[in-house]
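Report on one structure; see the data block that follows.
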Amino acid sequence: MPMTNNLETTAEKFMHLMDRLRRFGGRTAPPQEANISPSQLALISYAASNPGGGVQAMAEGLRLATPTVSIAIRQLEKAGFIERQPDPHDGRAVLLFLTPAGLELHQRTLEFRCKKFTNLLTELTHQERNTLLNLLEKAVSAAEINAQGDPK
């Protein structure tokens, strides 16, 4: 029976591959060690890339609701990964920074991910890696453009 090459079949295969990719790499991922969720890890990553940002900026940058980010920040602050500092220019606002423990967790996460993707790509030729990355870049860019018209 010939395999149909429609978009739905391709999407299902892609989802299956993403599930396998998520499980790839063992059980020692930093989020499990730190007892935080992947979504909280996204906040840590955002804070590492945007030190001194506020809750509202983080919510907009991650396309999340401000109350959702605020709750997660409180949890990460309680766990010792993020700290709030008063904004010197606006007494009502606070700025978010990673603590040394948050910076260390972020660094371990980057190392884990790099190792995971290095293992994934190691059997591909240079040309295959470039093709894969170019196609993923094209797909993600198109999805981002399409999502700009969608409400949050």
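Hey, among R129, R92, R22, which residue is closer than 30 Å to Q148 by Cβ, of a type in the set (K, R) and not assigned by TED's automatic domain parsing to the domain that holds A147?
Just one listed residue meets the conditions, R22.
Could you check segment 84-110 and list, in sequence order, the residues that are acidic (D, E) and more than 20 Å from the chain's Cα centre (by Cα)?
D87, D90
Is it true that G26 is of a type outside the set (D, E, K, R) and at pLDDT below 85?
Against the criterion (of a type outside the set (D, E, K, R) and at pLDDT below 85), G26 qualifies.
Identify the single condition in (1) touching a residue at least 24 places away in the same chain (Cβ under 8 Å); (2) touching a Phe, Trp or Tyr at 6+ places or on another chain (Cβ under 9 Å); (3) among the small types (G, A, S); (4) under 24 Å from A147 (Cβ atoms) that S45 does not satisfy, given that it satisfies every other one.
(2)
Please tell me if L64 is under 24 Å from E144 (Cβ atoms) and either within 16 Å of the chain's Cα centre (by Cα) or free of Cβ contacts under 8 Å to residues at least 40 places away in the same chain (or both).
yes
Select from segment 94-117 the residues that are among the aliphatic types (A, V, I, L, M) and touching an Asp or Glu at 6+ places or on another chain (Cβ under 7 Å) and write down the one among them that is surrounded by the fewest Cβ atoms within 10 Å (Cβ to Cβ).
Top of the filtered list is V94.
Just to be sure, is N130 in contact (Cβ under 8 Å) with a residue 40 or more places away in the chain and surrounded by fewer than 16 Cβ atoms within 10 Å (Cβ to Cβ)?
It is false that N130 is in contact (Cβ under 8 Å) with a residue 40 or more places away in the chain and surrounded by fewer than 16 Cβ atoms within 10 Å (Cβ to Cβ).
The values are calculated or read from the model by the stated rules, or taken from the named source; none is laboratory data. Since the structure is predicted, the reported quantities are computational estimates derived from the model, not experimental observations. With ideal geometry, Cβ positions are generated from the backbone for all residues, glycine too; neighbour counts draw on all protein chains shown.
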